[in-house]
Structures are given as structure tokens and as C-alpha cells.
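Since the structure comes first, as C-alpha cells, the remarks are kept for the end.
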Amino acid sequence: MPRRPLMPRALPVRALALGALVVPLLAACAPTIGATPAEDAANPACAPVMLALPETLAGDLPQRDTNAQATTAWGDPGAAVTLRCGVAPPGPSPDCQRVDSGTGAVDWIVEAGDDGTWRFTTYGREPAVEVLVPPSVTEDHSTSFVGDLAQAVGNVPATAECS
């Protein structure tokens, strides 16, 4: 039996079907960053925070998938800013700083590690959110991008402020 030529409409349908197969394969090539979930990662208050996070941080750090609940990252594996929602709320600290941005103000406990990693933990919000910034990021970026997280973090109401 001779083969019938493709109908003119069949080609676009096949192209769409091929595209539907290729896109997930390309997405699978994007790096997944390993993370450890926080103790209270299943807290329902983390969901609105996670949904409101920016897709890009510091202008050029793309958001990446992580392998743990209530976590995300921006940048490249081994050199990524990581965020965890559901960490234990810290107590008062002299390292508490208010960061104002166009979308709100958030109080953060700011700690510099011996290895050059910066840790920002929200103060006065439960659950708390923790952001780790490795030295590989601070070589080329200021940590002022934590202000860009105010809208998302603001989904957890503040119950206390830095003194």
C-alpha cells in the first residue's frame, strides 16, 4: 500500500509533539541544588513565602530547583545563595538589622561565618527564614539583595522588631 503524503496540518502537530518531548528533557539538564530542609519546613506559613520569591536574585543569579521542602537557591551548584523556610526563630541579638526595601522592611539577624559565609535569619517572624550567602557570591555581589526578599518574607507576619 503506498504511503500517503502528510497533510499540511499534520506537520505542525508533529512539531508540537516533538517540542513537548524536548522541553522536559532540557529542563532536566538544569542543575538541582542540594539543600537540607529546616525543622519546621512543613509549616503552612512557608508556602506563601516560597511562592512569592523572585526568579532572579542580585540581577544575575537565576533561581534553581532544590531537593528539599521549603528551600530554594539562586546561582550555581557549589556557589549558590540558599534559602530555607521553617528554621527556628532566633532570640534577640545585637546583630539584628532592619533592611528596608520598596516592598517592605524585614528585620534580620546577620552573622558572618569564619569561612566567609553570611547567614541572614529573619527576626520576629515564625517560622523564620534563613538565607546563606557563600563567599563565592560575595566576591561579585553585595548582600543587599536580601532586601529583594522582603515581599516574600513579609508573608509571615512580624511579631517583634529589632531593638
Using θ = phi - 60° and the Karplus form 6.51 cos²θ - 1.76 cosθ + 1.60, what ³J(HN,Hα) does each residue of region 105-120 get, whole Hz, x for Gly and Pro?
10, 9, 8, 10, 8, 10, 10, 9, x, 4, 8, x, 7, 9, 10, 10
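By its C-alpha gyration tensor, with a ≥ b ≥ c as the square roots of the eigenvalues, how is region 38-163 shaped: rounded for a/c under 1.5, else prolate for a/b larger than b/c, else oblate?
Values: a/c = 1.42, a/b = 1.17, b/c = 1.22.
Taking the square roots of the gyration eigenvalues as a ≥ b ≥ c, region 38-163 is rounded.
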Extension gain from Thr36 to Arg98, taking 0.36 nm per residue of separation minus the Cα-Cα distance:
19.7 nm
Note, ³J(HN,Hα) from phi for region 126-138, Karplus 6.51, -1.76, 1.60, rounded to Hz, x at Gly and Pro:
9, x, 8, 10, 10, 10, 10, 10, x, x, 5, 7, 6
Mean separation of Cα contacts under 8 Å (at least 6 apart) over the residue count of region 48-163, i.e. the relative contact order in percent, is 28
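Throughout, read-outs are computed from the coordinates displayed, never taken from laboratory work. Bear in mind the structure is a predicted one, so any value in this text is a computation, not a measurement.
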